[in-house]
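Enquirer: One structure coming up, written as structure tokens, with questions to follow.
The values are calculated or read from the model by the stated rules, or taken from the named source; none is laboratory data. Quick caveat: nothing in here was measured; it's all calculated off a predicted structure. With ideal geometry, Cβ positions are generated from the backbone for all residues, glycine too; neighbour counts draw on all protein chains shown. Just so you know, the surface numbers come from the protein's heavy atoms only, side chains and all, with ligands and any DNA or RNA stripped out. Shrake-Rupley method; radii C 1.70, N 1.55, O 1.52, S 1.80 Å.
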Amino acid sequence: SQHHIDGNSCDLEINLYHSFNECYYPEPEKKSEDCEHKAGDLEDHNFTKGVIVSILVNKNKEHKLSKPNRFISQFITNKKFHESFKKNETKNITVGKDWNIVDLLPDNKKYYSYDGSLPMPPCTQNYKWVVFEEPILLLDEYINIFRSVGNPIGARNVHPLNGRIVMYN
């Protein structure tokens, strides 16, 4: 994980990105028609701020059908998921009608928050990070798939706080 709590890291970290484009909250003189949205074409959008929700993950050695494992299993075992990483493209994956991001969240909703940036280029500032304190548990097999398919290099190095204030709720 890229976040450490009291010097401890987790086996994996899942980040959910929510970005805001100034086009969607335009100045009065700017028309929203001036901002054409093209799905999957993020490079052309000026995402200037947002929220990143971070879910820490540890291994669950038991083969237990928990909500997080059920959530992840619907796409991580899908062939399209693996192809999307190999080809670096977006794929639509059909999941069950009851599939809900809430199932991925920890039971304990206590969290840390701070003002930061995107963790990859262009490292845009003005992002609020929300890091859940309690890790969820995923099957070791699923974590290994994420590592081998999604990010074999691993997390970036831990960065100093640089005067940032970390709040706890």
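Enquirer: Give the lysines reachable from Lys49 as a straight Cα distance under 22 Å; neighbours fewer than 8 places away on the same chain don't count.
Expert: Within the straight-line cut-off, Lys49 pairs with Lys30, Lys31, Lys38, Lys128.
Enquirer: Tell me, what ³J(HN,Hα) does each residue in the stretch 103-114 have, in order and in whole Hz, if you take phi through Karplus 6.51 cos²θ - 1.76 cosθ + 1.60 with θ = phi - 60° and put x for Gly and Pro?
Expert: Values per residue, Gly and Pro as x: 5, 8, 7, x, 5, 7, 9, 5, 8, 9, 9, 7 Hz.
Enquirer: Past 24 Å, Cα to Cα: identify those pairs from Lys64/Lys97; Lys67/Lys110; Lys64/Lys86; Lys67/Lys97; Lys59/Lys109, in the order given.
Expert: Lys64/Lys86
Enquirer: At 7 Å along Cα-to-Cβ for each site, give me the label-to-label distance between Val166 and Glu62 in nm.
Expert: 2.9
Enquirer: Can you tell me how the stretch 85-169 classifies by the Cα gyration tensor, rounded, prolate or oblate, using a/c under 1.5 as the rounded cut?
Expert: Verdict is oblate for the stretch 85-169.
Enquirer: Please compute the length gained on full extension between His18 and Glu133, using 0.36 nm multiplied by the number of residues separating them and subtracting their Cα-Cα distance.
Expert: Net length gain for the segment: 39.4 nm.
Enquirer: Let me ask you something else. In square angstrom, rounded to the nearest 10, how much accessible surface does Phe75 have for a 1.4 Å probe?
Expert: Here the accessible area works out near 40 Å².
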